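Following: one structure in structure tokens, then a few remarks.
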Amino acid sequence: MLRSIKNFLYFPIARYFIFFAGIYLRRWNPTIVVVTGSSGKTTLLHLLESQIGRRARYSHKANSSFGIPFDVLGLSRKTLFKTEWFRLFLSAPVRAFRPRPQEKIYIVEADCDRPYEGKFLASFLKPDVVLWINVARTHGMNFERLVEEGSFATVEQAIAFEFGYFLEYCQGTVIINGDSELMKKQIERTKAKVIEVKRDKLELYRVGREGTVFVIGGRSYLFKVLLPEGVFYSLMMCIRLMELDSRTTRALASAKRRLRGNDKDLCGNDKDESLVFNNFSLPPGRSSIFQGIRNTTIIDSCYNVDLSSMAAILDMFAKLDGSHKWAVVGDMLEQGKGEEEEHRRLAEMLASYDFERIILMGPRVSKYTFSLLDEKFMGEGILKRFIGPKETLDYLLENLQGGEVVLFKGARFMEGIIERLLANKEDVAKLSRREPIWEKRRRNFSL
């Protein structure tokens, strides 16, 4: 009942904030670049920021029907407790008339967690440029009603159509993943110029503990962080945006630059052939590397979990050097009626890798994923399952010997487990979900 009331009031309350955000946005009148897709939005946002820098404003930690108007108005939720809302309601009208920013570009991350959200945000932003990375079953349970009503054949089609509103309201140029047929079917809805990026342009992908390299058009693009191969699409979109011959390009012109590396890049090329993203960084929970207890290495990729992002991270992990690889894999939430199917597909995926240990955590992976994997690994000591994070932590503390590389990917308070395994406790500040409400929830799970 409470969930139904929240869903019913979601957009009516959001309209209050978006009304005042619209006043401020019209006064500001920036070039608006929308970054959207089921996953990878934050990575692309930070790629753009690494190249454009302070010449633009960015919607960090805001991508929803509430988060974006809050970002426009300069509002924020600090504790995530309900008592904050009184302050937010009173502040919105005043914030609509505060001084305008000096930046002429607004780069905003936009999501579609539920039906109508794409149209709601797209009609508000009316973007000059849209960068659409991908489409997957993230928040799929929210779109099942549309399939049951016969509006769409699959949940994925319903989600793609909702993202398609950003194309429909785009004023200038759309850059999309040209390898997705679901996305390409939405192109007919836009009058904007469309640019497709395709994987066949990727000449080489290599990932190691020293970083990641992509080779495109004979040039190496270097990153000092771990990135899955699918980030190629985001990198290409960043490149294509900087090449646009439009109002946006004029705003970005002074931001274009080449960052030099050392004498040789990771592929052995001369530095003149490389573009090093020295200014690129990612928020917590996106393949961050930490030194763990007993000389272990921890890869924290517990943020944003669906099957497509799970596949991307597991594939990246498999390509890393090292023989003692442990994968701690948790539930994928909000999958709706496709929950069992998605978790069984996860089992097939995990079975294809040669990990030293697979540790499943959560009721869904324990119910659907474990049984299929157990048929392959029975008696080998490779597979373990636990329902809660405390049991998983206890197992890791007891069994890690030293030298293991441990990947964390999935839901159910994994950041709380990682916190207990860090060698340097100052690294706790670099983990996700540091707000008081999450600390309270972790304590409830004895973390």
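Is it the case that the stretch 32-47 has a residue that's open to solvent by 20 Å² or more (accessible area, probe 1.4 Å), among the charged types (D, E, K, R) and assigned to a helix (DSSP H, G or I)? No, the stretch 32-47 has no match at all. In the stretch 138-160 there is no residue matching the filter, namely being surrounded by fewer than 22 Cβ atoms within 10 Å (Cβ to Cβ), over 23 Å from Gln335 (Cα atoms) and modelled with pLDDT of 95 or more.
Name the strands (runs of 3 or more DSSP E) wholly within the stretch 188-269 that hold at least 2 residues that are over 17 Å from Asn134 (Cβ atoms) and at pLDDT below 95?
202-208, 211-216, 219-223
Would you confirm whether or not the stretch 307-327 contains a residue that is over 17 Å from Leu226 (Cβ atoms), within 24 Å of the chain's Cα centre (by Cα) and either free of Cβ contacts under 8 Å to residues at least 24 places away in the same chain or open to solvent by less than 10 Å² (accessible area, probe 1.4 Å) (or both)? No: zero hits. Within the stretch 80-117, being more than 21 Å from Leu44 (Cα to Cα), in contact (Cβ under 8 Å) with a residue 24 or more places away in the chain, of a type in the set (D, E, K, R) and part of a loop (DSSP other than H, G, I, E, B) holds for Arg98, Arg100, Arg114. Pick out the one residue from Glu342, Glu334 that is in contact with a Leu (Cβ under 9 Å, 6 or more places away or on another chain) and either more than 16 Å from Phe355 (Cα to Cα) or not aliphatic (A, V, I, L, M) (or both). Residue meeting the stated conditions: Glu342.
Being without any contact (Cβ under 8 Å) to a residue 12 or more places away in the chain and not in a helix (DSSP H, G or I) is true for just one of Arg57, Arg26, Arg77. Which residue is that?
Arg77
For the condition in contact with a Leu (Cβ under 8 Å, 6 or more places away or on another chain) and open to solvent by 30 Å² or more (accessible area, probe 1.4 Å), Arg15 does not qualify.
The values are calculated or read from the model by the stated rules, or taken from the named source; none is laboratory data. What you see is a predicted model, and the numbers here were worked out from it, not measured in a lab. Counting neighbours? That spans all protein chains shown, and the Cβs are built from the backbone with ideal geometry, glycine included. Protein only, heavy atoms only, side chains kept; ligands, DNA and RNA dropped before computing areas. Shrake-Rupley method; radii C 1.70, N 1.55, O 1.52, S 1.80 Å.
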